[in-house]
Amino acid sequence: MSAVLSSTRVLVTLSTVAAVGAHGWLSAEGSALRWMMPTALLLGAASGWLWPRGARTFVFALAHVWPLIVFLAAGAPNPDAAAPWVALLLGITLVSSPLGRWSLPRAWLVPVAAWAVLLALGWPIVLWRELDFTLVSLQSDTLNGLFAWTPRQTAAFLTSTTLTQLSAILLIDWLWTTYGRRDDSALSREVLAPMTVGTSIAIAIGIFQGLVQIDWLNVGVWPRLGRATGTFLDANAFGAVAALSGAPVAGALLLQRTPWTVAAGAVLLPASGVAVWVSGSRTALLGWLIVAAGLTVPLLFRTRGSWRAIGAGLITLTLLLVMLSGRLGGPGTAVYRLWATLPSPTVDGATAFAGAMWERDGYGTAAVGIIREFPLTGVGPGSFPLFAPDYAFITMRKVIPPDNAQNWWRQQVAELGWLGSLPAIWCSWLVTLLVSRLWRRRADRPLALLVGAAIAALGVMSLVSPPTQHPLVLQTAAVLLFCAGRLGLEQPERPQRETHRAQAAGLVLLAVCLLPLVWAGLTLRSAVVNLRPPFRAHRIGWLYGYGFSAAEPIRGGEQRWAAHRAVGVIPAEGRRLLLTLEPAIDALAREPIRLRVHDRHQIVLDTERSLPGPVPCAVDVPIGERWVMVQIDSDGLAEAGDRALRVTARWE
């Protein structure tokens with residue numbers, strides 16, 4: 001069993017490092033990410049080895065101000081701004097974690113390892129799928145969906161998404177390695193306190209934006225919507241961090257006995273509430289209210305006449321001010337948007353509200369369509385934002401931008417299928433049990449109630465709009481989950497009997513090895529048979545192609561030059577597409593050439609040529625289809641460049 005788990009740890013580590021390199025390689029030519037990603041990884045590893053405590057403190061202090069730093073340095077917002085920070089933190093965690101051993105608690109080990117292995121095997125599959133299993137598509141400006149991006153951009157997005165998830169899993173494991181058996185002061189000094197400094201800066205800037213000047217260090221659509229973004233350049237991520245990091249830390253400070261910690265908490269708690277309010281995030285507001293409730297209980301019922309009672313009064317006052325400001329603030333504030341969302345107090349209003357919360361502007365409908373079509377494997381890790389607009393257009397004829405499924409569990413099933421999402425659902429059940437244990441805990445009960453409320457807030461927020469889609473919010477959630485586990489799982493491990501060990505070994509083999517391998521095999525088959533980009537374009541209907549040159553006029557029509565792999569999806573203008581393929585003479589001089597042409601359904605040509613001359617081919621369009629796909633493979637022309645095969649076409 002230990003050998004199996006050790007090999008999975010090595011696999012996950014190597015796959016995560018490879019994802020860092022792949023993300024840099026897939027970045028656009030001239031992009032700073034090409035050198036920043038590997039450089040950040042190496043810099044993190046070097047600093048973590050030479051100066052471990054200082055490096056940790058510095059990196060965690062940068063966590064919640066990093067997007068603003070990148071914006072000020074580059075002069076423009078970058079959707080991949082968090083990626084170098086993730087690589088930097090990954091480098092630090094890797095050099096101070098055992099390569100072949102998981103440090104997670106025994107209860108978490110199997111599902112987390114299975115989840116990590118599944119992601120480690122899954123991202124290369126979806127990367128090559130979006131490149132259509134060829135490097136030729138890297139130079140194409142075609143789109144991989146009706147409302148998607150180019151093959152290079154799509155592959156980079158999917159790789160970045162999975163890299164973020166893998167690095168979060170390795171972060172939790174590293175936290176258990178480094179701080180699982182140490183006193184609280186080391187964790188507070190090297191992780192929590194630096195993150196709190198960044199959170200406080202973000203909250204201060206966000207409050208200034210919301211109350212004084214909305215367009216100060218705020219870009220994109222957010223100033224027009226009246227929503228503050230703090231240092232994140234994203235109002236939803238800013239609100240989530242204020243609720244899940246600012247409010248719990250403020251509560252922990254209020255629960256301390258020293259006057260200065262109570263004073264700091266008394267300032268940070270209402271500030272986090274105001275930050276959530278000006279961010280306009282309704283889900284963050286719900287999360288903040290849950291955290292505040294978890295803090296109110298111990299403050300109100302466990303103390304009398306102390307500094308903590310003053311904290312309880314602050315909570316009550318902040319709640320009243322926030323709720324009463326719903327009609328006073330602008331339309332971009334969280335409470336105003338929440339009031340506008342609530343249904344009318346009628347049966348029809350409640351029914352319409354429930355339906356709207358399930359469909360979520362088409363994202364829920366798209367997720368259901370994906371799950372229905374790919375129930376076992378889903379469409380691949382990180383792929384839902386790519387597929388959602390297409391499915392919404394197919395099912396509802398509605399145009400929606402790429403976004404998440406508005407429910408974390410629904411997105412897991414849509415991306416990984418019921419089979420692949422089993423480890424994630426298992427982990428959710430364990431976290432639910434952890435919250436229950438925290439709320440029943442007698443020792444450190446006030447802190448346990450607060451941390452349990454923060455985890456519950458994360459779960460409630462994930463039901464309606466997953467905040468962890470943002471890389472920095474996900475890493476923050478990983479730290480929060482570790483703190484909850486450290487507080488709730490501090491139980492001595494009981495010796496197991498041999499039968500229990502045998503059962504555990506079988507469970508590890510089944511969950512950690514067999515399940516991810518079966519899922520990966522089925523996902524690869526689905527990627528080749530159903531989900532190649534040209535197959536999707538042919539089915540849904542959009543122009544797609546790579547490997548063909550621009551059209552050149554000739555007598556009676558036009559011609560194009562094709563690379564050794566060329567694919568085109570075009571509207572059907574007749575019942576049959578007549579092609580003529582003619583290899584260049586200098587290419588034939590090297591070696592015989594094998595030409596293969598097939599459409600979406602079958603191979604229509606498979607021949608070998610050693611003499612010059614045209615090769616005719618006909619592609620029939622089945623009745624009822626409005627689009628036709630053509631793929632031309634020319635074995636032996638890879639060294640001839642992009643002008644080795646002349647292709648002419650006409651309809652009849």
Q) How many percent of the alpha carbon pairs in segment 543-651 exceed a separation of 18 Å? A) 45 percent
Q: Rank-order 228-234, 518-524 by packing density, defined as the average count of other C-beta atoms within 10 Å over each peptide's residues, highest first.
A: 228-234, 518-524
Q) For segment 151-197, treating each Cα as an identical point scatterer without solvent, what Debye log10 I(q)/I(0) comes out at q = 0.16 1/Å? A) -0.59
(Q) Can you tell me what percent of all Cα-Cα pairs in segment 130-271 are more than 19 Å apart? (A) 68 percent
**Q.** Against the rule of thumb 2.2 N^0.38 Å, how large the Cα Rg of segment 57-104 comes out
**A.** 1.42
Q: Determine one quarter of the surface area of the Cα convex hull of segment 209-304, which equals its mean projected area, and express it in nm² to one decimal.
A: 6.2 nm²
Q: First select every other residue whose beta carbon is under 12 angstrom from the beta carbon of LEU138; then total the charges, Lys and Arg +1, Asp and Glu -1.
A: -2
Q | Peptides 402-408, 187-193, 279-285 ordered by average Cβ neighbours within 10 Å, highest first | A | 279-285, 402-408, 187-193
Q) Rounded to the nearest 20 Debye, what is the dipole magnitude of segment 130-189 about its Cα centre when Lys and Arg each give +1 and Asp and Glu each give -1 at the C-beta? A) 240 debye
Q.
Treating segment 163-229 as a set of equal point scatterers at the Cα positions, no solvent, please give the Debye-formula log₁₀ I(q)/I(0) at q = 0.17, 0.26 Å⁻¹.
A. -0.75, -1.01
Q: Output the Cα-based Rg and Dmax of segment 513-585 in Å, rounding Rg to one decimal and Dmax to a whole number.
A: 17.5, 60
**Q.** Cα-derived Rg over Rh, computed across segment 83-126 with Rh taken as Kirkwood radius
**A.** 1.02
Q) What number comes out for the charge environment of TRP149, summing +1 per Lys or Arg and -1 per Asp or Glu over other residues with Cβ under 11 Å away? A) -1
Q) Using the eigenvalues of the Cα gyration tensor, what equivalent ellipsoid semi-axes result for segment 354-420 when each is taken as the square root of five times the eigenvalue, whole Å, largest first? A) 17, 12, 10
Q. Under the classification rounded if a/c is under 1.5, otherwise prolate if a/b is larger than b/c and oblate if not, where does segment 256-299 fall, given a ≥ b ≥ c as square roots of the Cα gyration tensor eigenvalues?
A. oblate
Q. Which value in Å is the Kirkwood Rh of segment 372-482 over different Cα pairs?
A. 15.5 Å
Q: Search the structure for amide H atoms under 5 Å from the amide H of ARG594, placed 1.01 Å from N in the peptide plane, and list their residues when 5 or more places away or on another chain.
A: ARG609, ASP635
Q. Which net charge results when you count Lys and Arg as +1 and Asp and Glu as -1 among the other residues whose beta-carbon is under 14 Å from that of ARG576?
A. -3
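Since every read-out is calculated from the coordinates, none of them should be taken as a lab result. Note that the structure is predicted; figures quoted are calculated from it, not measured. Note that we place each Cβ from the backbone using ideal geometry, even for glycine, and neighbour counts take in every protein chain shown.
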